[in-house]
């Protein structure tokens, strides 16, 4: 039952404790479990087979490999998970797979530090050759509200999360049939970014929600909106103009609205805000842009292009470093004709083979070969063959009986940031108090119903908190809070706040002081005239 | 595309706003999406078919029905989700399904209040007849550490969670091969409760971890322990003594340790504590006991037995209430021979049919019939046919390529409680500071390494906090904290604490005061002599 490789255990121990031990194997460490990393490890396994002096380690955040081009199909469930993911340990039988995030790399010491697991101590592994292939990340920083309110679409968890959110929106629209504003938000689905990924996502999302909505007795198909927002005048800049027009026609015919020459500028919990200020009411917002360098690469003292990609030579070696190689989307790799490689699986897998060949050549003192892959002609739209086939007859994809299952993933999150646009209501008088807010930037007004209208009680600025009375007293909100100047707040759920207020020395007292300082009149007294 | 039942929308609106409207349909509302609730709604759909004056609503926490007897097989993945769950909307085409928790029931006003959805306002529905079938819950309250450190096994999320945790434990054991104490915890899996559910769970969990562990290069099969803890001298009190002995033999042969005449008394993050004080080191602890009344039923002013089950008459009507019916595990239902019905799917489905018949009879003024199902003889072990077949040949179940996929569900949780036993270390000097603690009850000592031993710096009691320095300074822990008297702490993750400390008025200051009050000497100074 034990693995035949009984010496692997010793080699895996912390570098610090074992650096000096004799007879230790030399190591290639691969960072990244995507196309580039996994194909590189596989190629290395083949080339180093039967050699006792070298071993391969691969770091990956997840213990599986995702076939990225098919990821959007997870949304609609027209494809099983089996077809999209594979366990890394089955793909890489002779590689030691370490399922941890990488925290840092020390290029001088030739070590990698993994993020902590169950115990908060550092886990360090040494390397002789390093292959960097962590890919890129979707980075919403700098776009107000996107980190909190928009979903990225990069990995399997994102795809499953989007699917669960879309189902939850339908469930809630079915219940909330007496609240037309909320219903409109719930039945509108927005995708930002009209490149490959965005177009695939909006197509799958559109098919999915329109199909399953028919099972909801209180949802009218005609109330569903699916919107694609794109910054240019045509979607799919990657393909020929003819194909672009064709794809746009199919999307429109299936019910997708195209909003062109607009960018997603900001997001709130209730709307996507476009560059011209238009707000599209929605509770389900996906953004496939922008793609940024991986934070690990960002932190490395290695030569990079202006947009943060690692600079490599024709042999895929990072400039100035004999034992560091970079491939996939994290690197800027020139093709034979001088243009940089596009970020496709096709190119990544070819780079992986060349890097593996060159690493073994470097180990054995052989000569390196250049990466000269030219690409397999103009790319086709992945997966669109099937979609185009069914589009003309408007045949709906077969929905299996389980397709509608809404798994409740995750528990209650803790404190988070939230973003509000001017005019947006944080909560209404009379609603249940479910969270406390601390205003970090921007301004809000506190209003109370009075006669047929609203009366301004006070205005709040940075550092002030609100909403705490409902929690302390378990009463409904005694006022409405509305944003007047774009604001970011720290939002603390009731359960969380209760735990902290009861136990953290001084917290409750400090909240009560803030309330007193604000001078908000108690509910029983007549409110002060507006200032 | 719209549903043919175009009038359903109006009927679903909030009872408060619509109570007075004329021509409104009468309603049967079913609470619960398990066997009893779903079969009752299906029977009502058949009996009320074609009648325009009645409609059916069903409240369920999830939007799918789980075939409970097969739930343990989700752990090993030997069965697909398709075979275990079905979307409620496909099973109940003429019922309005409301996917919300029920918050309260007002028996006098005949209304049900649903828990809030996206917006924090109450959602109220009226009923004419009410069918209560919410089942029971696993309630760990009163057992120290179980709410925080033990996993229940009731629903699909529990099964998927257990599976993900088991895989994570194997991944981490594979990485942490230089920490024998942690490795032992990671490779030990404990299930408490030797009834049907516990036995099924331990059997599946055992098969699963022993199978997939072979793919981990640094895990030795012989280091894996799977333990079943049971309070009596024999497992499976529900079946005949012969079958009990047989099941015990099979479990042992497949590698499960049976710990008999012991109860699970408490749990920490690192161990299961038994009634005699034994601690079994583990990071994966499941408890299938105890089963308690659903909180909703608990809060209802209806007649109940001593153990909290609803008292019904022979027609399944709650004593003293013409329009309230109860079935399934929430009710105490006498069988023809006087003994109460066991909590099985077999009985629940028969009760559902009788309740539906009687509700329609009550509506139409017909006569009610009594529930007189005697059970289909002695129950067999569900699913054991298959297991027994494979046990003798020790054939391992086919593991599909995806079976090893570890989905990272959920995000970072917020503040939580944690429980520690005397002698247990909270953190060690030198580890990374990843959370802050507030001691709620019990006592801990703070120690620092000195020469070859440890030096006592101070002792902490309720109300004191610790671990905050590492967060404020981003430095490693400068002391070890160990429990001396069983203690409960509030544990706040670094990210959470950082958000709060930076933004909550006075919080950081109040922590710094506590630190000063404790009088812990700064790291640079020599520690005080032990007291």
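The values are calculated or read from the model by the stated rules, or taken from the named source; none is laboratory data. This is a predicted model, so every value here is computed, not measured. Ideal geometry is used to build each Cβ from the backbone, glycine not excepted, and the neighbour counts take in all protein chains shown.
Data table
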{"item": "Matching residues, region A:211-230, being in contact (Cβ under 8 Å) with a residue 40 or more places away in the chain and over 17 Å from residue A:172 (Cβ atoms)", "result": "A:211, A:227, A:229"}
{"item": "Test: residue B:255 is under 30 Å from residue B:110 (Cα atoms) and free of Cβ contacts under 8 Å to residues at least 60 places away in the same chain", "result": "no"}
{"item": "Test set (1) more than 23 Å from residue B:177 (Cα to Cα); (2) within 12 Å of chain B (Cβ to nearest Cβ) - residue A:116 fails condition number", "result": "(1)"}
{"item": "Meets criteria (more than 14 Å from chain A (Cβ to nearest Cβ), modelled with pLDDT under 95 and surrounded by fewer than 24 Cβ atoms within 10 Å (Cβ to Cβ)) for residue B:252", "result": "no"}
{"item": "Some residue of region A:192-211 being part of a helix (DSSP H, G or I), at the interface with chain B (Cβ under 9 Å from one of its Cβ atoms), over 13 Å from the mean Cα position of the chain (by Cα) and within 24 Å of residue B:114 (Cβ to Cβ)", "result": "no"}
{"item": "Those residues of region B:17-62 which are closer than 17 Å to residue B:125 by Cβ, in a loop (DSSP other than H, G, I, E, B) and at pLDDT 85 or above, in sequence order", "result": "B:24, B:25, B:32, B:33, B:61"}
{"item": "Condition check for residue B:120: in contact with a strand residue (DSSP E or B) (Cβ under 9 Å, 6 or more places away or on another chain), in a loop (DSSP other than H, G, I, E, B) and at pLDDT 90 or above", "result": "no"}
{"item": "Region B:475-492, residues that are more than 13 Å from residue B:438 (Cβ to Cβ) and either in a strand (DSSP E or B) or modelled with pLDDT of 85 or more (or both)", "result": "B:476, B:477, B:478, B:479, B:480, B:482, B:483, B:484, B:485, B:486"}
{"item": "Any hit, region B:125-145, residues being in contact with a strand residue (DSSP E or B) (Cβ under 9 Å, 6 or more places away or on another chain) and within 12 Å of another protein chain (Cβ to nearest Cβ)", "result": "yes"}
{"item": "From the options A:280, A:273, A:311, residue that is out of contact with any helix residue (DSSP H, G or I) (no Cβ under 9 Å at 6 or more places or on another chain), in a strand (DSSP E or B), closer than 27 Å to residue A:367 by Cβ and modelled with pLDDT of 95 or more", "result": "A:311"}
{"item": "Extreme residue, nearest to the other protein chains (Cβ to nearest Cβ), among residues of region B:151-191 that are in contact (Cβ under 8 Å) with a residue 40 or more places away in the chain, assigned to a loop (DSSP other than H, G, I, E, B) and within 23 Å of residue B:257 (Cβ to Cβ)", "result": "B:152"}
{"item": "Selected residue [crowded, with 19+ Cβ neighbours inside 10 Å and within 14 Å of chain A (Cβ to nearest Cβ)] from B:284, B:288", "result": "B:284"}
{"item": "Options B:411, B:365: the member that is within 14 Å of chain A (Cβ to nearest Cβ) and either at pLDDT below 75 or loosely packed, with under 14 Cβ neighbours inside 10 Å (or both)", "result": "B:411"}
{"item": "Odd one out for residue B:245 among (1) at pLDDT 90 or above; (2) out of contact with any strand residue (DSSP E or B) (no Cβ under 9 Å at 6 or more places or on another chain); (3) within 14 Å of another protein chain (Cβ to nearest Cβ); (4) assigned to a helix (DSSP H, G or I)", "result": "(3)"}
{"item": "Residues satisfying the stated conditions in region A:431-476, i.e. loosely packed, with under 14 Cβ neighbours inside 10 Å, within 14 Å of chain B (Cβ to nearest Cβ) and in contact (Cβ under 8 Å) with a residue 24 or more places away in the chain", "result": "A:463, A:474, A:475"}
{"item": "Residue selected from region A:325-349 under the condition outside any loop (DSSP other than H, G, I, E, B) and surrounded by 22 or more Cβ atoms within 10 Å (Cβ to Cβ), by the criterion modelled with the lowest pLDDT", "result": "A:347"}
{"item": "Filtered residues of region B:82-111 (kept if surrounded by fewer than 20 Cβ atoms within 10 Å (Cβ to Cβ), at pLDDT below 90 and either part of a strand (DSSP E or B) or touching a strand residue (DSSP E or B) at 6+ places or on another chain (Cβ under 7 Å) (or both))", "result": "B:86, B:91"}
